[in-house]
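Engineer: Sharing a structure below in structure tokens format, with a few things to ask.
The values are calculated or read from the model by the stated rules, or taken from the named source; none is laboratory data. Note that the structure is a prediction, hence the values are computed from the model and not measured. Here the Cβ positions follow ideal geometry from the backbone for every residue, glycine too, while neighbour counts run over all protein chains shown.
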Amino acid sequence: MNKTALRLVVTAVLGVALAGAFTYSFFDKKASTSLLHKQEQTLNLRGLIALDVEAYLKDPRVVKVLDENQIKLDITRVGSREMAGKVAGGQGGYDFYFPSGVVAANQVADAAKKAGLTTTSYSPFYTPMIVASWLPIGKLLVANGLAKAAGDKVYELDMSRLTELMLSKKRWNELAHNSDYDVSRSILVSTTDVRKSNSAAMYLALTSYALNHNETLSEREAAKTIAKQVAELFKRQGYQENYVNGNFDDYISIGIGKTPLAFIYENQLVAYAINKRGVAADMVLMYPKPTIFNKVMLVAANDNAKRLGDILASNAELDKIAIEYGFRTANADAFTAAVNKTGLAVKARVTDVVDPPSYEIMADMIEVITAEMKQ
Amino acid sequence: MKRQAMLLKYLVALASCALLLACSEKPAETRADPKSSLSILATSDLKDVQALEKMVQDETGVAIKFTFGGTMESTEKVLKGEANTDAAWFANARYLLSDPAGQARVKLQEKIMLSPLVVGVSTSTAHSLGWDTAPKVTWKDIADAAKDGKLRYTMSNPASSNQGFMAVMGVAAAFANKPEALTLADVNKQRLADFFKGYKLVGDNSTYLTERFIERQGTDLNAFINYESWLLTLNRSGKLKEPLTLIYPHEGVATADYPLLLLNDAKRDAYQKVVAYLKGDKAQHWLAQNTGRRSISPEVMKQEARLFPGSKVLIELPFTTDRAVADALVDAYLNEFRAPIASTFVIDVSGSMNEPGRREGLLEAMHFLSGEDSSLAGRFSRLASRERVWMLPFSNEVQEPTYFEVPQDQAGKTATFQRIGAYADNLKMRGNTRLYDAVLQAINMMAENKRKTPSYLYSVVVFTDGAVNAGANFAAFKSAYANLPAEARAIPVFVVLYAEGNEAELRALADLTHGRAFDAHSMSLVSVFKEIRSYQ
């Protein structure tokens, strides 16, 4: 490098520093020749993401695959429901939004449309909503006709009967054949705060489906009436964690005493099991019948972000990593094989699945519940 | 090439120094990321984790700095956005987070450790109640024992501290007709009143309560309600007359989950590094072994199980989200359930009180006590229904006491508050400082009233601004005090350290009477009086 070049670079650097974008890492790349060239090629994408995909997107292996495909991500984690409010065009906008769930994704797409943006949605992987529970609880629910064993440490949960039972305010110690869980608390499934989080909204979708005689709600007035009933199931839980992992953290850390039944994403527990190479022997999974798939949705707000969507959906290495994060992908056998090693039992194929109601109906119901919870 | 690259780095470092206008001479140090620090507002029950400052810095490079404060006060600061720290760490944040304003302040949260609120009962008492071998002890058993005078406990003030508040919420839930969705109508007031009959020592600080408990264990106290971690540590300290048997009530307990709350979004990275370290196995083992907190990691917990006597399943009591219920419970505690307060305020009205600001400060504090304050910290500070107050001013002589009793009804309450305000406004400041004669008289007065009405909690509050120059000196006071009957010596004296008051002597006065000294040199008198209230 000659002196003139040096001076040029210093001048350039000062310019950058003045613009407030100076970092030392700039120099650690010692790429004095290819730097400018590479910057032209690499797509720097700014995105808002849900907690669900944060660990995955920050995984060094994912970063590497994306890097090889000339994509760099600058991501900020926010609540899925808050994302739509942050959609903007132009400089203030993001290249992509990665919320948890179809409902939130539709809201984002809708907000983008209003801001004059054209979006494309991708669903590279998904996870079913499940109830994480405990062996004694599983046996107790089976004994009371509320669940059916579907293999060793796997259960199918009768959502209609369970919802009905919960609304009738039954306590655990009022169940028949109960010697293992002498607890005077009400039978309730614990969720996160429905006003804040997607997973609780999915619980709302399932319980309202049960109350609507096993039909997805499509009529706004009926939805409001049912939401009023379902509100109890949230309100009576008392304090609910209002961050997505709160409920799962309680299941893992405090256990059966606080969360006999925890409504979570399957991938939360699967990822935990794969990461820890095992789970406690009495942890069991219950699959609500029917359940909902939570699709992790990438909403690309421009062509650059569409490249990210294409790679996430098609790259085999990324697919493998997604499974480690507990997600199901198109490759069902790879998923089952990965989980079985941990001692956690899952249902190989989840078939009884419904869609959540439209997001207008969901929004209406959440509004009703919010009002009920203030009383 | 390499040298040129080095030179380039150096030049750039210099250039950026000039731009930033604030960096040290050594260019290497400009690499220090200013974001790699995290200031944390923590509640005082977390003082035992202060050693983490160094551990976190060593392991993560993030400099964390704790500031400690009272629970309600700290919660209020966060609510109002006045915490001035990057993060907050509380035993629990349920109260804060059931408020939308509180939710908006908190950017991220992660639970770090656990400790259930349990009842520590002197081994001999637990044995005589049959609780040491009973397969289950219920909150009902506890309330019955408290009602019968068999259980005499101390715990932090529910109106001003987390533990006390959680205990009341838990007890209320345990006694509710419905197992959850606690509303005011569901609260079984009689059972709560029974439970509070056993509440014999009030205070706002676990260290203070522990000192008093050590003195009084086996005489008038035999139980301590606090976090399991605190009681385990106390049992290990060897300071108790006999160890405490930890009772985990059958209906359930309230568990503190110690969330670390990010308040300053700009510190996200530092926060996440600190959280990752604190949730890691090394820190989790350290916390379990050194502070008696349960680990959030089931694996670590399994390895440390021997440290926790009640390792059986703990049922968690639901926590109502209804702040109106929480507030009403605290109000009901203050105005109905708790043993009401009877106290004498020994007030210096000597000439020196005319120095700038002093009389005004005192009047402000007295108006505060008899005023309306709906804030979290304020609502327990004002005088409550049933409360009895004697004002005992002194200067050259000890003057006549003036008596007030706060009625239950709102109109009567307001009228009484107005009379107290008018009384304060009419105080005339002149003459000398006849402090100790006044204190002695106040103690005797309280002891005499205690004989007549033992259901009240008696104390003396002393406020003086100068050296004693009339009547008994401290030595004379001490010898007179030594000759007082035991019941008079059981009256604690809470002392305000203010202006030229003799600090050493006044602290000795607080110690002698098992009271406590409160420093008003660096705080307003209002704040000090607020603090005293949670010890009465």
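Engineer: Restricting attention to the stretch B:479-502, report how many residues are part of a helix (DSSP H, G or I), in contact (Cβ under 8 Å) with a residue 12 or more places away in the chain and within 30 Å of the chain's Cα centre (by Cα). Let's see the steps before the verdict.
Structural biologist: Within the stretch B:479-502, the subset part of a helix (DSSP H, G or I) is B:479-482, B:486-489.
Going one step further and asking which of them are in contact (Cβ under 8 Å) with a residue 12 or more places away in the chain, we end up with B:480-481, B:487-489.
Next, only the ones that are within 30 Å of the chain's Cα centre (by Cα) stay: B:481, B:487-489.
Selection size over the stretch B:479-502: 4.
Engineer: Right, something else. Restricting to the stretch A:139-169, and then to whatever is among the acidic types (D, E) and under 23 Å from A:V270 (Cα atoms), can you tell me which residue is modelled with the lowest pLDDT?
Structural biologist: Among them, the one singled out is A:D152.
Engineer: Which residues, taken from the stretch A:160-186, are within 27 Å of A:G343 (Cβ to Cβ) and under 25 Å from the mean Cα position of the chain (by Cα)?
Structural biologist: Selection gives A:L162 alone.
Engineer: Based on what the data block shows, is A:A231 within 13 Å of chain B (Cβ to nearest Cβ) and within 25 Å of A:P136 (Cβ to Cβ)? First the steps, then the outcome.
Structural biologist: Working: within 13 Å of chain B (Cβ to nearest Cβ): yes; within 25 Å of A:P136 (Cβ to Cβ): no.
So A:A231 fails the test.
Engineer: Output the residues belonging to the stretch B:75-104 that are in contact with a Phe, Trp or Tyr (Cβ under 8 Å, 6 or more places away or on another chain) and either of a type in the set (S, T, Y) or within 21 Å of B:V62 (Cβ to Cβ) (or both).
Structural biologist: Hits for the stretch B:75-104 are B:T75, B:D86, B:A87, B:W89, B:F90, B:Y95, B:S98.
Engineer: Which of (1) in the same structural domain as A:T225 (by TED's automatic domain parsing); (2) touching a residue at least 40 places away in the same chain (Cβ under 8 Å); (3) under 30 Å from A:F234 (Cβ atoms); (4) not in a helix (DSSP H, G or I) is the odd one out, the single condition A:G326 does not satisfy?
Structural biologist: (1)
Engineer: Kindly indicate whether any position in the stretch B:72-95 is of a type outside the set (D, E), assigned by TED's automatic domain parsing to the domain that holds B:G164, touching a residue at least 24 places away in the same chain (Cβ under 8 Å) and out of contact with any helix residue (DSSP H, G or I) (no Cβ under 7 Å at 6 or more places or on another chain).
Structural biologist: Let us first name the residues in the stretch B:72-95 that are of a type outside the set (D, E), namely B:72, B:74-75, B:77-81, B:83-85, B:87-95.
Of the ones still in play, those that are also assigned by TED's automatic domain parsing to the domain that holds B:G164 are none.
No: zero hits.
Engineer: Then there is this: Residue check, B:P309 against (1) closer than 30 Å to B:I112 by Cα; (2) in contact with a Gly (Cβ under 9 Å, 6 or more places away or on another chain); (3) away from chain A (no Cβ under 14 Å); (4) at pLDDT 80 or above, all met but one. Which one?
Structural biologist: Just one mismatch for B:P309, condition (2).
Residue by residue, here is whether (1) within 10 Å of chain B (Cβ to nearest Cβ); (2) at pLDDT below 90; (3) within 30 Å of B:H250 (Cα to Cα) holds:
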| site | (1), (2), (3) |
| --- | --- |
| A:R171 | yes, no, yes |
| A:E174 | no, no, yes |
| A:D182 | yes, yes, yes |
| A:R185 | yes, yes, yes |
| A:R195 | yes, yes, no |
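Yes/no per residue for (1) closer than 30 Å to B:A488 by Cα; (2) touching a residue at least 24 places away in the same chain (Cβ under 8 Å); (3) within 14 Å of another protein chain (Cβ to nearest Cβ):
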{"site": "B:R293", "(1), (2), (3)": "no, yes, yes"}
{"site": "B:P298", "(1), (2), (3)": "no, no, yes"}
{"site": "B:V313", "(1), (2), (3)": "no, no, yes"}
{"site": "B:P356", "(1), (2), (3)": "no, no, no"}
{"site": "B:S370", "(1), (2), (3)": "yes, yes, no"}
{"site": "B:F380", "(1), (2), (3)": "yes, yes, no"}
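Engineer: Just to confirm my filter: which strands (runs of 3 or more DSSP E) fall fully inside the stretch A:88-169 and include at least 1 residues that are among the aromatic types (F, W, Y)? Steps first, answer last, please.
Structural biologist: On the way: elements: A:96-98, A:120-134, A:147-149, A:154-158.
Passing ranges, in order: A:96-98, A:120-134, A:154-158.
Engineer: At pLDDT below 95 and either under 17 Å from the mean Cα position of the chain (by Cα) or within 14 Å of another protein chain (Cβ to nearest Cβ) (or both), is that true of A:A271? Give the steps one after another, and end with the answer.
Structural biologist: On the way: at pLDDT below 95: yes; either under 17 Å from the mean Cα position of the chain (by Cα) or within 14 Å of another protein chain (Cβ to nearest Cβ) (or both): yes.
Yes: the conditions hold for A:A271.
Engineer: Here's a check for you: in the stretch B:141-166, which residue that is at pLDDT 85 or above and hydrophobic (A, V, I, L, M, F, W, C) is nearest to the chain's Cα centre (by Cα)? It would help to see each step written out before you state the result.
Structural biologist: Quick first cut of the stretch B:141-166, residues at pLDDT 85 or above only: B:141-158, B:164.
With hydrophobic (A, V, I, L, M, F, W, C) added as a condition, the list becomes B:142-143, B:145-146, B:151, B:155.
Details: B:I142: 23, B:A143: 23, B:A145: 26, B:A146: 23, B:L151: 22, B:M155: 10 Å.
Within the stretch B:141-166, the match that is nearest to the chain's Cα centre (by Cα) is B:M155.
Engineer: Which of the residues that make up the stretch B:252-275 are part of a strand (DSSP E or B) and within 20 Å of B:V49 (Cβ to Cβ)? Write out each step before concluding.
Structural biologist: Just the residues of the stretch B:252-275 that are part of a strand (DSSP E or B), to begin with: B:253, B:255-256, B:259-262.
Residues satisfying the conditions are B:T255, B:A256, B:P259, B:L260, B:L261, B:L262.
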